[in-house]
Amino acid sequence: MNAQVLDQLRALIRPNPAWYALAAAIGLTILGVNAIQTVEGLGSVPAGVAGKQGWLWLPAGIVMMLVVMLPHPRLLGHIAYASFGVTLVILAYMVIPNAPRVPTINGARAWIDLGVMMFQPAELAKLTFILALAWYLRYRSSYRGLKGLIVPFLIMFVPVGFILKQPDLGSALVFAPTMFIMLVAAGAKLRHIFLLVGIGLVILTLVITAVLIDPPHERGVTGKGKLPGWTHILASHQEKRIAALVWPKRYENREAFQQITATRLAGAGGITGVGRDRAHTLIKYNRLPEPHNDMIFSVIVCRWGLLGAMVTVAMYFVLLASFLLTAARSKDPFARLCCVGFGGIIFTQASINIGVCVGILPVTGITLPFISYGGSSLLFTFAMVGLVINFASRRPQKLARPSFEFDHTDPITP
Amino acid sequence: MNRQVGPAWWPIHTRCPQAMEGLLPMRRALRDAIPSMFHRRLVLLAVCACAVIVLLVLSAARLTVGPAHANASREAASKLRIVEIVPTVRGRILDRRGRVLAHDEAGWDIAVNYSLIDGSWAHRQALAAARASNPNRPWASIPAAERERLLATHQLDFDRQVDELWTMLGDLGGLGPQQIEHRRTDIASRVQDLKAFLMTRWREELSDELGSDVPLSAVDRPIAEERQPHAVLYDVSDFVRQEVQRFIADAATDRPEAMGMRAWREVVVHRPTQRRYPLETMTLLVDRSTLPPTIADQVEQEITVEGVAMHLLGQTRKIKAEDLTRLNRPFSRINADGQVVYDLGGYSARWPDDNVGSGALEQAMEQQLRGSRGRYLRHLDNGHREVHAEPRAGHDIQTTLDIQLQARIQAIMSPEFGLMVTNTWHGSKASEAGDLGKPLAGAAVVMDVETGEVLAAVSMPAMPLRLLRDDPDQIFRNPEYLPWVNRVTMTSYQPGSTLKPFVLLAAASAGVHDVQTPIRCEGIFDRDHPTRHRCWIFRQYMSQHGPVSAARSLEVSCNIYYYTLGKRLGIPALNQWYGRFGLGAPTGCGVEESPGDLPDPATTYRDESINMGIGQGPVGWTPLQAAAAYAMLGRDGDYIAPTFIIDEHRTSQRRQEKLKLNAAALREAMEGLHGSVYGSEGTGRHLPLEGRPLIFNAKGVTVFGKSGTAQTGRFRWIDHNLDGQRDPGEVIPDPETHAWFVALVQPDAARRPTHAIIVITEYAGSGAKVSGPIVNQIIHALQTEGYLPS
């Protein structure tokens, strides 16, 4: 073991703000294990998954975390592009029709059968995408212009394209917000960000308006409605999920079933929750789909109530705050952007998932980081935590040039 | 000075920096507070995150606090309970002697899923197996020819399984391979017919909705029947049921040997409650010795009759979802205020296995027969069961029918007995042309005079359950005989001469005619119009009746006498009197009925009253109304509405009225009816056969009878292809008359008639000749069954 590693190990013992993140991450995982326990054996949830999550994936995640704590950030930066490239190759492999070891599960080919585990490359992509984007943005200022945003967009669109092809809309959804968050942190002009997000929102609004003006249930068998066919660019089931938010009764036993059940169970939890056994019974007979996965937040609210929900959300905030604090203290631009990216992606994903479970967003099929059952997800989220601890443990270089400071190009004078 | 930079759509502070000057101090202060831009951006992100968190927590709170929480709790908890429905037992229908005509019986049916019936199961299984046998080769990448081959090899195995299953089902059900195959194809064609019908309707609806024609493929979706199991073996024994259940249990296991019998997974054992009509088929020995000599025989004939009383009992059917949305008849009843109210009686389309009455008594008596289902609330979490309501069986209803008499009369009216077919003595065009033996349609009613209860009511042709189940087209697509029609209550016929006694009573009671004064018959009613309103004797023999007394007018059935009375009474008075005799309004007998026909005086030509005097023109009654009217005559003018149901509660609701008829006219009428059968000139005395045999030959009774030969209009239309259009060949000009014969039968020991008998034979010829012998046989049947002394 060389001196550098020993130094690093010593550095890791020094208190740093990323420890809060670690505490939050472990807290969320334990909360998740308990939530999964509540629903073990129900419907599609096999018995023993909670144990697997707690005794296999959590330790594996911590090991992963420990491993990524050691290498120097610069080294990580140097392999950022390479790892991103490998990820893209894996994602490209998955979209090859009938590629071996890529089974179709629930209609999506999102997993690779590694024998020991079902590996979900989209989780790896989240990590390497952030590394690559951070590595790309770290010394530049080109993204202060509109043209300079093209490359970051490309870096985002390539993995998103592959993941959408699987199809795994939920995973793909978090990339764009993460990129914008990193661009904001990196000092891109806010008016550009607003412009692009605005364009996106306008398109989204138009698409949703088209769905609402001409909802799928009014189009009949031939699909002929008030608007011409090209206005409906979403898949039929996606349109129905949007329409289900507006006409929940009409889609009660079909597209809206999942969400109605989720909000009902969450509501049943009240302020303090109904406790484990009662929650188990309620979830069992209300037939909540995916209670250990996409809909686990409802399980939490049902069992521990609004207080449980607030504790959960608070832990995510602690995690995010800890990541941002680490970014603030770090002088290394790569580390800074990585911290922001990791925090952003975890927080975005959690927000969308919770938004679905409390009924303000349509169902997208997205998991709750640390809490939902899933090996790949846990491994790579803990890897993010590990990297942040790694960055936090590094002493800032004395002579480091301040990064992402563009005030001099943007003076406040008329 | 406003310095404009850039186009109008630029943000204001870019275009016109001065506009933002108000914000400058804030930005400056921010920069002073946090000199690092990166840190300011982090704060911005953190603020956004806080906003998101607040939004999420508020959304969660919206669900978990206050009424939303109470609602959600209640709804979530409601899923822990399921309502269990306990079926009820429908009441029985009994005959007047307590014999069971209809009852519920639980039995076992063996049903198979439709995918086995249309063969799609084997194909689907073969496809799955073929795909599974090549896990490493994408199915789409295999060449089409090889795919076909793979599919075919696998399909063989599954086809064999299906064949074995059908053979086994056939063996278990005691059916040959062809019979079971016939059942299979029968179900398939029925479902496909239904689907074709539904698709046509859906397409019309969709085309209407979209305003343009849509292809049939746009509405091609599986109908419920394609997803349901269909019964192929009915009412199997316990042994068969257990065998089948054993097969099903074996097939459900994952053992390798169960692979060869996977088709059994598509088989289910049903326990439907079957409505049984145990006396629907009866075999009787019928005496032929009293028949007209040409067909008489000393040997009794064994006759099996099917569909006994089915026209009156009706049937049951599965409840349909539409029954609840459209509030169909079985669920409507009329309450005390005369309003129609709907009462689902706890029925719901969610449990579509419930039976409801369909037609006749089963439908009319739905409220009494139905009973109510039990409702249990089962708590899934702890297994507790709360009883909300115990099931309550339906009430039995007792009909006035004597099923044995009913069957015997049906036997008498069956074509094989030889009376309800064209015969040599009928005097119809068919009998003169030698076109003999053609079955005739018609109806018979036997009524107890004292009570107005119907002892038997036969409508021919009958409606056997066997045909209803196996070949309903023979019943429902038979435009010539219309076997589904209950002619007793639902067909209004012109009464013809059978109405004459009532015209006499009306004229005498209304004071427009003195029964002692004869009326002269010169064959023609009106000399100015010698072709109109002629007497039958003039038409047939160019003769006349001369002066006719009241009694003789009935004996010889003189038309001129009744033209005169009809004219004197006029339409309003005729209407009023006919109404008192029960025409023109439903009798309230308990089953669906036609009110009969009476003209609207305002729109009817005045001289129609002349025709109405002889029971022609715009007047019609059902055989049941005719029976009620004649029974009234037998009771010396007390009208009692007829009934099919024995129920003290109902008796008080039936119409009962003393009509205060002219006593002399009543005497004359009865004398005329007596003369009609026994008088030398009586129209109901002889058959035109060698030796002039008497029509009525029963000992120990006196018959007061009246024939009626009712004209049936200028043409008869039989819609052979059921398209509602008068196609060539469907219209028969100058059709045969309907043949009526009505009789009041008085046992020698009795003071007045005890039974009224009505027979009508459609398109058959002369009333006395066609229907008289049938009435005679019914009198013998009443003697055989002990209603009349012999």
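Bear in mind that the values in this text are calculations on the coordinates, not laboratory data. In this text the structure is predicted, and so the values were computed from the model without any measurement. Here Cβ is always computed from backbone atoms with ideal geometry, including for glycine, and neighbour counts include all displayed protein chains.
Mean residue ellipticity at 222 nm from the helices of the protein assembly as shown, using -39,500 (n - 2.57) per DSSP H segment of n ≥ 4 over the full residue count, to the nearest 500 deg cm²/dmol?
It lands at -14500 deg cm²/dmol.
Using alpha carbons only, how many degrees (0 to 90, rounded to 10) separate the axis of helix B:37-64 from the longest principal axis of chain B?
So the inclination is approximately 30 degrees.
For the protein assembly as shown, build the charge dipole from Cβ charges (+1 Lys, Arg; -1 Asp, Glu) around the Cα centre, then report which of B:735, A:205, A:350 sits farthest towards its positive end.
Of the candidates, A:350 comes out farthest on the positive side.
Provide the per-residue ³J(HN,Hα) series for region B:399-411, in order, calculated from phi with Karplus coefficients 6.51, -1.76, 1.60 and θ = phi - 60°, each as a whole number of Hz, with x at glycine and proline positions.
Here the 3J(HN,Hα) series is 8, 7, 6, 9, 5, 5, 5, 4, 5, 5, 5, 5, 4 Hz.
Principal axis extents for region B:522-678, Cα atoms only, whole Å, descending order, please.
The Cα atoms of region B:522-678 stretch 56, 40, 26 Å along the principal axes, largest first.
So, with +1 on the Cβ of K and R and -1 on the Cβ of D and E, and no other charges, what is the size of the charge dipole of region B:691-790 about its Cα centre, to the nearest 20 debye?
Using only the charged Cβ atoms, the result is roughly 660 debye.
Report, in degrees rounded to the nearest 10, the 0 to 90 angle that the Cα long axis of helix A:296-329 makes with the longest principal axis of chain A.
Rounded to the nearest ten degrees, it is 20.
Sequence neighbours fewer than 8 away in the same chain don't count; with that in mind, list the aspartates and glutamates whose C-alpha is under 20 Å from residue A:240.
Counting by Cα, and skipping residues close in sequence, residue A:240 has these aspartates and glutamates nearby: A:168, A:214, A:218, A:252, A:255, A:290, A:294.
Among B:372, B:73, B:676, rank each residue by its count of other Cβ atoms within 10 Å, from fewest to most, as a rough exposure measure.
B:372, B:73, B:676
What is the calculated FRET efficiency for residue A:116 to residue B:481, with r their C-beta to C-beta distance and R₀ = 60 Å, to the nearest 0.05?
Efficiency for this residue pair is about 0.15.
Between residue B:658 and residue B:723, what length comes free when the chain is fully extended (0.36 nm per residue of separation minus the Cα-Cα distance, one decimal in nm)?
Result: 18.6 nm gained on full extension.
Can you compute 3J(HN,Hα) from phi for each residue in region B:266-272, using the Karplus curve 6.51 cos²θ - 1.76 cosθ + 1.60 with θ = phi - 60°, rounded to whole Hz and x for Gly and Pro?
Result, ordered by residue: 8, 9, 10, 9, 9, 10, x Hz.
For the pair residue A:235 and residue A:60, how long in nm is the line joining their label points, each one 7 Å along Cα→Cβ?
Result: 2.7 nm between the two label points.
Counting other Cβ atoms within 10 Å, keep those with at most 10, restrict to DSSP loop, and tell me which trypsin sites (Lys or Arg not before Pro) in region B:718-790 are left.
B:751
Taking a point 7 angstrom from the Cα of residue B:690 along the C-beta vector, which residues in region B:269-311 have backbone N less than 14 Å away?
Taking a point 7 Å out along Cα→Cβ of residue B:690, the residues of region B:269-311 whose backbone N falls under 14 Å are B:293-296.
Show the residues, 5+ positions off or on another chain, whose built amide H is closer than 5 Å to the amide H of residue B:709.
Under 5 Å from the amide H of residue B:709 lie the amide H atoms of B:497, B:498, B:740, B:767, each far enough along the sequence or on another chain.
Which aspartates and glutamates, if any, have their Cα less than 16 Å from the Cα of residue B:699, not counting same-chain residues under 8 positions apart?
Correct list for residue B:699: B:287, B:748, B:785.
Any chance you could run the full-extension gain for residue A:209 through residue A:193? It's 0.36 nm times the residue separation minus the Cα-Cα distance, nm to one decimal.
Working it through step by step, the gained length comes to 3.4 nm.
For the pair residue B:301 and residue B:192, what calculated FRET efficiency results from E = 1/(1 + (r/R0)^6), where r is the Cβ-Cβ distance and R0 = 41 Å, to the nearest 0.05? Walk me through the numbers on the way to the answer.
On the way: r = 43 Å, r/R0 = 1.05.
The formula returns an efficiency of 0.40 here.
Quick one: which residues, 5 or more positions from residue B:737 or on another chain, have an amide H under 5 Å from its amide H? H modelled 1.01 Å from N in the peptide plane, none for Pro or chain starts.
Residues meeting the amide H criterion: B:764, B:765.
Cβ under 15 Å from residue B:302's Cβ, residue B:302 left aside: what net charge do those residues give with Lys, Arg +1 and Asp, Glu -1?
On the way: positive: B:288, B:408; negative: B:287, B:297, B:300, B:306, B:416.
Neighbourhood net charge equals -3.
Amide H of residue B:646 versus every other amide H placed in the peptide plane: which residues, excluding those fewer than 5 positions away on the same chain, fall under 5 Å?
Result for residue B:646 returns B:398, B:399, B:400.
Taking 0.36 nm per residue of sequence separation and subtracting the Cα-Cα distance, how much length would be gained by fully extending the chain between residue A:86 and residue A:101, in nm to one decimal?
Extra length from residue A:86 to residue A:101 when fully extended: 3.7 nm.
Among B:434, B:154, A:184, which residue has its Cα positioned farthest towards the positive end of the charge dipole of the protein assembly as shown, with +1 placed on the Cβ of Lys and Arg, -1 on the Cβ of Asp and Glu, and the dipole taken about the Cα centre?
Most positive-ward Cα: A:184.
Just in region B:213-300: which GluC sites (Glu not before Pro) are loop by DSSP and have at most 13 other Cβ atoms within 10 Å?
Answer in residue order: B:300.
Could you tell me what % of all Cα pairs in chain A have separations over 30 Å? Please report the intermediate quantities before stating the final value.
Values: 38784 of 85491 pairs.
Of all Cα-Cα distances in chain A, 45 percent exceed 30 Å.
Would you list, by chain and number, the lysines whose Cα falls below 20 Å from the Cα of residue B:429, excluding same-chain residues fewer than 8 positions away?
List returned: B:438, B:769.
Could you sort out which of A:52/B:79; B:660/B:706; B:500/B:660; A:284/B:79; A:126/A:189 sit more than 20 Å apart by Cα distance in this structure?
Check vs 20 Å cut-off fails for A:52/B:79; B:660/B:706; A:126/A:189.
All other residues with a Cβ under 14 Å from the Cβ of residue B:766 taken together, and with Lys, Arg as +1 and Asp, Glu as -1, what is their net charge?
Its environment carries a net charge of +2.
If you split all Cα-Cα distances of the protein assembly as shown into 20 Å bins from zero, what percentages do you get per bin, shortest first?
Calculated P(r), rounded to whole percents: 9, 26, 23, 17, 14, 9, 2, 0.
Chain B: Rg/Rh from Cα coordinates, Kirkwood Rh? If you can, show how the numbers build up before the last one.
On the way: Rg = 38.4 Å, Rh = 32.5 Å.
My calculation of the ratio gives 1.18.
Explain nothing, just the number: dipole magnitude of the protein assembly as shown about its Cα centre with +1 on each Lys and Arg Cβ and -1 on each Asp and Glu Cβ, in debye rounded to the nearest 20.
So the magnitude is around 7140 debye.
Suppose each label sits 7 Å from its Cα in the direction of the beta carbon; what would the residue B:451-residue A:287 distance come out to in nanometres?
5.5 nm
Once you have a ≥ b ≥ c as the square roots of the Cα gyration tensor eigenvalues for region B:483-611, tell me rounded if a/c is under 1.5, and otherwise prolate or oblate according to whether a/b is larger than b/c.
Details: a/c = 1.89, a/b = 1.67, b/c = 1.14.
Cα axes put region B:483-611 in the prolate bin.
Report the charge-dipole magnitude of chain B in Debye, nearest 20, computed about the Cα centre from +1 at each Lys and Arg Cβ and -1 at each Asp and Glu Cβ. Present the calculation step by step, with values, prior to reporting the outcome.
Details: 87 positive and 92 negative charges, 608 e Å.
The calculated dipole for chain B is roughly 2920 debye.
Towards the positive end of the charge dipole of chain A, with charges on Cβ (+1 Lys, Arg; -1 Asp, Glu), say which of A:270, A:305, A:24 has the farthest Cα.
Most positive-ward Cα: A:24.
Can you work out the Karplus-derived ³J(HN,Hα) for every residue in region A:110-118? Use 6.51 cos²θ - 1.76 cosθ + 1.60 with θ = phi - 60°, whole Hz, and x for glycine or proline.
These are the phi-based 3J(HN,Hα) values: 10, 10, 10, 7, 8, x, 7, 8, 8 Hz.
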